[in-house]
Amino acid sequence: MEWQFIVAMVVIIPVILLPVAFVWYLNLSGIYAAVREARMKRAAEKRLATEKVTG
């Protein structure tokens, strides 16, 4: 391989991968937030159910 090709690859690969990694980060953080919210809702419902039974 010629050195120009290697330099072009070194420059182009991060340009392509950075937006991909950013989109993956946004997707994973959104999934994490949705799961955390669902757990909090489930815990609140369980807490209300136990208060009604004992109260």
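The values are calculated or read from the model by the stated rules, or taken from the named source; none is laboratory data. No experiment lies behind these values; they were computed from the predicted model shown. Every residue, glycine as well, gets a Cβ built from its backbone with ideal geometry; the counts of neighbours run over all protein chains shown. Just so you know, the surface numbers come from the protein's heavy atoms only, side chains and all, with ligands and any DNA or RNA stripped out. Shrake-Rupley method; radii C 1.70, N 1.55, O 1.52, S 1.80 Å.
Things worth noting here:
- Whole-number accessible area per residue in Å² for the chain, which is evaluated in the context of all protein chains at 1.4 Å: 98
- The chain, accessible surface, carbon-and-sulfur percent (1.4 angstrom probe): 73
- Think of it as helices only: each DSSP H run of n ≥ 4 in the chain is worth -39500 (n - 2.57), and spread over all residues that comes to -35500 deg cm²/dmol at 222 nm.
- Net charge dipole size for the chain [Lys, Arg +1 and Asp, Glu -1 on Cβ; Debye, nearest 20]: 580
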